[in-house]
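Accompanying notes for the structure given below.
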Amino acid sequence: MNMPERKVREARKPLTDIAIKNAKPRDKLWRLLDGDPTYRGLRLEIFPDGAKRWAFRFLFNGADCTEGLGVYPVVTLAQAREAVMRSKKLIQQGIRPTEHKKAVKHAQRVAILNNFRAVAEQWFEWRKKKKNLDERNAMKIWASLEKHAFPTLGYRPVSEIRPIECLNIIEAMQKQNIGDQAKRILQRMKGIFDYAVTHQLIEHSPASSLKADDIIRAKPKHHPAMPLEAMGQFFDDLDNSNASIVSKLALRLQILTGVRTTELRGAMWSEIDFERNLWTIPSERHEVQKTGGGMKMRVAHIVPLSRQAMHIIEQLKPHTGKRIFLFPSPTQPRKCLSDVALSKLMKELGYDGTVEGKPHAVPHGFRTTMKMTALVSKKFMPRAVEFQLAHKNPNAVEAAYERPEDYLDERILMVQWYADEVEKVAPNLMKGYLNEYAY
C-alpha cells in the first residue's frame, strides 16, 4: 500500500530576510514557518510559479482558520509580523481577524462613496426642497462650494476630514479679503457635516468648533450710493449714451421704487396693477429660472408706484408690452435682462469711482439713496421706509405678524414724495421715449 506523500516542512527557525530571498519554488506549494514563538502561526507560502505570499494560521472558537497577509516582497517580514500581532490582539478580544478585515474594507468602500462632494450633493438636494430655493440661488450655493470647498475636500471621505482642513479653507479665503463669502462657506460646510451626522455617516462634525465671529474678519459690504443732487447729471449721461431705451427706463424705475436689481430685472407685466398703481413681486418667479428670482426673503412684496414710475412703465409699453418681462434681454427676449447689464452700464458711464466729478455708485446703491433721503426728512415712520425696501424686521416676533400690505398707505405717500424730490433735482427724469427704438 502506497503511503500518501507528506508535505515538506522546514525546521521551525525564526524567519530571516535571507532565508526568504533564498527560498526557491518547488513542484508543489511549500511553506516557510516562522519559528519565533511570538509570531507563531506566521508562514510564507512559496508557489510553483515563484510567487510568495504571507499567511497567518490560527484557531478561533476551536476552528482552524487562515488569514492572508499579502504578497512578498510588497509586504516585508517586519510588516507581516506586525500584522500577526494585530490579528492576535483581535483574537484576544473575541474578534475573528478575517471578519474584521472584511468589515474594514466595507467601511473603506463606504467612506469612498461618502466623500465630501457626494454628501454635499445629498445635502444640496435636501436643502433645495426644504428652503424651496429657486434655480438661480441654488446655482450660486453650488458654485461657491465648487470654487472654495471642493478643490480641497471634494473627494476626501467625510469621516476623515479634520477641523484643521475646514479652517484652512476659511483662512485661505480670508487672505483673499472675501471674509463675507467665507462666512457663507463655513455655514454651508457646517450644514453638510450636520447632514452627515444626522444620517449617521459620521459621529461628530469637524466644523462644529469653528465659530465664524472668532475666525472671520468680514469687511462690511457697502453698496456705493449716488447723492440725490447728482441725479440730474446722471440722467444726462444716461440719455446721451448708446444704452438701450429698456436699460435707461430700468434704472429710472429702480431709482423710484428702491427694489433690488434682481427684483427689477425680473419684473413681469402680469405683476403690474394699472388701476391701483401697485406692483406685486411674488416670493418666487418660476418664469425667471436661471436669470433671476423673486424676493430675497421669499415673501411677496407690494411696491406702490408713484405718478412718475407709472409714466416710465407706460413709456415701456410700446417697446416691451407684448413680452413677458418689462425688461427682456436684447438677445433672448424670452428671458429677462442679465444680472450685470445695469451695473456694467453705470461703470461705462464713469460711475465706478475713477472719473473725477462723478460719484462712485452702483444700481443697488439707489436703495440707500431712497432710504437716507426719506429718513433724514423725518416725514415717515422708519419701519415704513425699511418695509418699502423689503428689509427683514430684526424683531422676530413683529416680523411674524407683518404682511405685504403693511404700511401701504404711508409708503404710497413716501414714494410719491421721493419721486417729486428726484424730479426737483433732475427734471430730465421724465424724458419720453415713445418714438425711440427699444434696443
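The values are calculated or read from the model by the stated rules, or taken from the named source; none is laboratory data. Everything numeric in this text was worked out from a predicted model, so none of it was measured. Cβ: placed from backbone, ideal geometry, glycine included. Neighbour counts: every protein chain shown. In case anyone asks, the SASA skips ligands and DNA or RNA and just uses the protein heavy atoms, side chains included. Shrake-Rupley method; radii C 1.70, N 1.55, O 1.52, S 1.80 Å.
With a sphere of radius 12 Å drawn around the Cβ of Ile255, what net charge do the other residues whose Cβ falls strictly inside it have (Lys, Arg +1; Asp, Glu -1)?
For residues surrounding Ile255, the net value is +1.
Beyond a 28 Å Cα-Cα separation, which of these cross-linked pairs lie in this structure: Lys175/Lys211; Lys129/Lys317; Lys248/Lys322; Lys140/Lys317; Lys129/Lys322; Lys140/Lys378?
Result: Lys129/Lys317; Lys140/Lys317; Lys129/Lys322; Lys140/Lys378 exceed 28 Å.
Could you pull out every residue, at least 5 positions away or on a different chain, whose amide H is within less than 5 Å of the one on Val303? Hs are placed 1.01 Å off N in the peptide plane, and Pro or chain starts have none.
Excluding prolines and chain starts, which carry no amide H, the hits are Trp279, Thr280, Ile281.
Given labels modelled 7 Å from the Cα in the Cβ direction, how far is it in nm from Leu167 to Phe47?
For the pair Leu167/Phe47, the computed spacing is 4.9 nm.
When a/c is below 1.5 the answer is rounded, else prolate if a/b is larger than b/c, else oblate, so apply that to region 216-275 with a ≥ b ≥ c taken from the square roots of the Cα gyration tensor eigenvalues.
Taking the square roots of the gyration eigenvalues as a ≥ b ≥ c, region 216-275 is oblate.
Name the most mobile residue of Ile164, Ile313, Ile324, meaning the one with the largest mean-square fluctuation, in a Gaussian network model of the chain with Cα contacts below 10 Å.
Ile164
Which percent of the accessible heavy-atom area of region 1-157 goes to carbon and sulfur, probe 1.4 angstrom?
After summing per-atom areas, the C and S share lands at 54 percent.
What FRET efficiency would be calculated for the residue pair Gln108, Tyr155, taking the C-beta separation as r and a Förster radius of 22 Å, to the nearest 0.05?
After rounding, the FRET efficiency stands at 0.95.
How charged is the neighbourhood of Phe47? Take every other residue with its Cβ under 12 Å from the Cβ of Phe47, and add Lys/Arg as +1 and Asp/Glu as -1.
Result for the neighbourhood of Phe47: +3.
At 0.36 nm per residue, and after removing the present C-alpha to C-alpha distance, how many nm does the segment from Leu29 to Asp352 gain when stretched out fully?
That pair, Leu29 and Asp352, stretches by 108.1 nm at full extension.
Could you tell me whether region 59-122 comes out rounded, prolate or oblate from its Cα gyration tensor? Rule is a ≥ b ≥ c as square roots of the eigenvalues, rounded for a/c under 1.5, then prolate if a/b exceeds b/c, otherwise oblate.
The shape class here is oblate.
If you wrap region 1-144's Cα atoms in a convex hull and average its projection over all directions, what's the area in nm²?
15.7 nm²
In whole angstrom, note down how far apart the Cα centers of region 357-372 and region 224-279 are.
13 Å
Leaving ligands, DNA and RNA out of it, work out the accessible area of Glu284 with a 1.4 Å probe and give it in Å² to the nearest 10.
Counting only protein heavy atoms, the figure is 30 Å².
Quick one: what does P(r) look like for region 119-181 with 10 Å bins over all Cα pairs, in whole %?
18, 47, 32, 3
In angstroms, what radius of gyration and Dmax does region 311-405 have, counting Cα atoms only?
17.8, 47
Roughly what would the spin-label model give for Glu82 and Leu389, points 7 Å off Cα along C-beta, in nm?
With each label placed 7 Å out from Cα toward Cβ, I get 6.3 nm.
Starting from the Kirkwood radius over alpha-carbon pairs of region 162-279, derive D by Stokes-Einstein at 25 °C in a medium of 0.890 mPa s and give it in µm² s⁻¹.
131 µm²/s
Counting residues in the chain as N, plug N into 2.2 N^0.38 Å and put the Cα Rg over that result.
Cα-based Rg divided by the globular estimate yields 1.61.
Based on the alpha-carbon gyration tensor of region 65-187 and its eigenvalue square roots a ≥ b ≥ c, which shape applies: rounded if a/c is under 1.5, prolate if not and a/b is larger than b/c, or oblate?
Verdict is prolate for region 65-187.
Using a simple spin-label model with points 7 Å from Cα along the Cα→Cβ vector, what separation in nm is obtained for Thr38 and Lys101?
2.2 nm
Grab the beta carbon distance between Arg403 and Ser208, set R0 = 45 Å, and tell me the FRET efficiency rounded to 0.05.
0.75
Most fluctuating residue of Lys28, Lys379, Lys140 in a GNM of the chain with Cα springs under 10 Å: which is it?
Looking only at Lys28, Lys379, Lys140, the largest GNM fluctuation is found for Lys28.
Just to confirm, what accessible area per residue do you get for region 304-439 at 1.4 Å probe, in whole Å²?
54 Å²
Which of Ala120, Ala107, Ala63 moves most in a GNM of the chain, Cα contacts under 10 Å?
With Cα springs under 10 Å in the chain, the top fluctuation among Ala120, Ala107, Ala63 is at Ala63.
Can you give the accessible area per residue of region 9-164, in Å², using a 1.4 Å probe?
Value returned for region 9-164: 61 Å² of accessible area per residue.
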